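Contents: one structure, followed by commentary.
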Amino acid sequence: MPLRPEDRPGQPGLLGRAARFTAATARWLGAGAPLRSQQGRLAALETCAACEKNQDGWCSECGCWIKLKTAYATESCPLGKWGAEKREGRGCGGCG
Ligand code: SF4
């Protein structure tokens, strides 16, 4: 049976991951919730797939869930393997 992320060596515990997720989501929302381009996300996912820090879809360096981390344009790899992407936030799209 695979280990839960919080039980793996080097992984932040559940509270640590929740705090990092909250901080990442706050940054993302504060920037207008910009999503990474499909091309940029695929490139980041390919890099993570080949990275020794990828533990079943979780980054052991930052403790983030890679599928979500690569969707936020505001996030970047903690080891500098890929960066944030400059994109406009989506806003509400209607109320001006
Ligand atoms: S975010 Fe960076 S360190 Fe983490 S798995 Fe992806 S490439 Fe590796």
Relative contact order as a percentage, region 10-69, C-alpha pairs under 8 Å and 6+ apart, gives 47 percent
As an exercise, use a Förster radius of 25 Å and the Cβ-Cβ distance of S37 and L79 to find the FRET efficiency, rounded to the nearest 0.05. 0.70
How long are the semi-axes of the equivalent ellipsoid of region 10-69, defined as square roots of 5 times the Cα gyration tensor eigenvalues? Whole Å, largest first. 19, 18, 6
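A short reminder: the numbers here are calculations on the coordinates, not readings from a lab. Treat the numbers as computed from the prediction; the structure is a model and nothing was measured. For neighbour counting, all protein chains shown are included, and Cβ atoms are generated from backbone atoms with ideal geometry for every residue, glycine included.
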